[in-house]
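Have a look at the structure below, then the notes.
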Amino acid sequence: MTEDINKSYVKRYVDKANSTDNEAVKKNCLYRAGTHMEVIECNGDDNLTPEQQQIVLDAAKGLK
């Protein structure tokens, strides 16, 4: 499934999440990246738990 992942899209949102102090922006960016990679459920709720945030970050690292 990784062949369907747009790595530049994921990188853009993970980088933005890592560069902001705004928690809402961070969660939204990680939600977008995580749902694109299909590692978290796409349910419209971007209020990610710390565990979900880590899942997204770990999956993004695996794309490099």
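The values are calculated or read from the model by the stated rules, or taken from the named source; none is laboratory data. Everything numeric here is computed off the predicted structure, so don't read it as measured data. Positions of Cβ are generated from backbone atoms using ideal geometry, with glycine treated the same way; all protein chains shown enter the neighbour counts. For the accessible areas, the whole protein counts, side chains as well, though only heavy atoms, and no ligand, DNA or RNA atoms are used. Shrake-Rupley method; radii C 1.70, N 1.55, O 1.52, S 1.80 Å.
The count of lysine pairs in the chain with alpha-carbon distances below 13 Å, taking only pairs 8 or more places apart or on different chains, stands at 6. You can think of it this way: the chain between Cys42 and Val25 has 4.4 nm of extra reach, that is 0.36 nm per residue less the Cα-Cα gap. Rolling a 1.4 Å probe over the protein heavy atoms of the chain, with every protein chain left in place, gives an accessible area that is 46 percent carbon and sulfur. Taken along its principal axes, the alpha carbon cloud of the chain reaches lengths of 31, 24, 17 Å, longest axis first. Summing +1 for each Lys or Arg and -1 for each Asp or Glu, what net charge is found among the other residues whose Cβ lies under 15 Å from the Cβ of Gly34? Taking every other residue near Gly34 into account, the sum is 0. Using only side-chain charges placed at the Cβ, +1 for Lys and Arg and -1 for Asp and Glu, the dipole size of region 1-63 relative to its Cα centre rounds to 320 debye.
Ordered by 1.4 Å accessible area with all protein chains kept, Cys42, Cys29 run largest first as Cys42, Cys29. Heavy atoms of the protein chains alone define the surface here; on that basis the chain has 66 Å² accessible area per residue at 1.4 Å probe size.
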